[in-house]
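Asks: Pasting in a structure now, in structure tokens, and then I'll have a few things to ask.
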Amino acid sequence: MPAAPSPGANPRRRLSAARRRRQLIDVALEMFAHSGYEATTMEDIATAAGVTKPLLYQHFTSKRALYLELIDDVASRMLEALDAATAQPGWRRRVEAGMVAWFLFVLHNQSAARMLFDAPRDEELARGLRRIEVAIAGFVAPLIEADIDEEHRRTAASAVVGMTEGVTRDWLRSPASLGGSFEGKAGEAEVLRLAERLAGFAWGGLRSLHREP
């Protein structure tokens, strides 16, 4: 099996516990995104990170525990990016900024995005990934400034997240199919193009929301 990239791997370099843990998380993310959860072993991760298996087990008691922590880490970073982007006035501007932030995150964290959309057959881990979708929809819902009840607001937020994820899956699978690229400035230009298209589509639906009789 080809070795996945190993960010910062250097077996001779002593790292603090926190930096070592961060390195192991980054390496594991690349491995899981490259080979999938089932095919990746703790030995694979340790080898790619340039550490021993006992050291890896000092930080994570099992592959499952490592994967679950990865889920939390990706969710935290994604929500942080969305929060920073949408901290501005104007509902329409927040929709556009949120879309840009989403696709920029995907562009610069493709392994994280691929992991999110490649749920393992393990039901517990798949539920963990679905929690990210729920968390993002929960973040989006309060941003919807419409005169609707909370259930309607959550439904609209889930629809926006689902639409965005659908386009993201296609882009990750084959960027050329959407006329785009992952490379350099072209990738960033594609982010803005996709974000503008989706924001316009989402805005067209969101601004028509009204309280049901």
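The values are calculated or read from the model by the stated rules, or taken from the named source; none is laboratory data. Because the structure is a prediction, the values reported are computed rather than measured. Note: ideal-geometry Cβ built from the backbone for every residue, glycine included; neighbour counts use all protein chains shown. For the accessible areas, the whole protein counts, side chains as well, though only heavy atoms, and no ligand, DNA or RNA atoms are used. Shrake-Rupley method; radii C 1.70, N 1.55, O 1.52, S 1.80 Å.
Asks: Here is a list of conditions, (1) in contact with a helix residue (DSSP H, G or I) (Cβ under 9 Å, 6 or more places away or on another chain); (2) surrounded by fewer than 17 Cβ atoms within 10 Å (Cβ to Cβ); (3) modelled with pLDDT of 85 or more, and Glu80 meets all of them except one; can you say which number that is?
Replies: The number of the failed condition is (1).
Asks: Kindly evaluate Arg92 against the criterion of being more than 20 Å from the chain's Cα centre (by Cα), in contact (Cβ under 8 Å) with a residue 60 or more places away in the chain and open to solvent by 10 Å² or more (accessible area, probe 1.4 Å).
Replies: yes
Asks: Residue by residue through the range 110-134, note down the ones that are open to solvent by 40 Å² or more (accessible area, probe 1.4 Å) and either modelled with pLDDT of 90 or more or assigned to a helix (DSSP H, G or I) (or both).
Replies: Matches in the range 110-134: Gln110, Arg114, Glu123, Glu124, Arg127, Arg130, Arg131, Glu133, Val134.
Asks: If the requirement is being out of contact with any Asp or Glu (no Cβ under 9 Å at 6 or more places or on another chain), of a type in the set (S, T, N, Q) and open to solvent by 80 Å² or more (accessible area, probe 1.4 Å), which of these qualifies: Gln23, Gln58?
Replies: The conditions single out Gln58.
Asks: Of the residues that make up the range 168-183, is at least one assigned to a helix (DSSP H, G or I), open to solvent by less than 60 Å² (accessible area, probe 1.4 Å) and modelled with pLDDT of 85 or more?
Replies: Within the range 168-183 (the criterion being assigned to a helix (DSSP H, G or I), open to solvent by less than 60 Å² (accessible area, probe 1.4 Å) and modelled with pLDDT of 85 or more), the answer is yes, since at least one residue qualifies.
Asks: Could you name every one of the helices (runs of 4 or more DSSP H) located completely within the range 1-64 that has at least 2 residues being modelled with pLDDT under 95 and within 22 Å of the chain's Cα centre (by Cα)?
Replies: Fully inside the range 1-64 and qualifying: 17-35.
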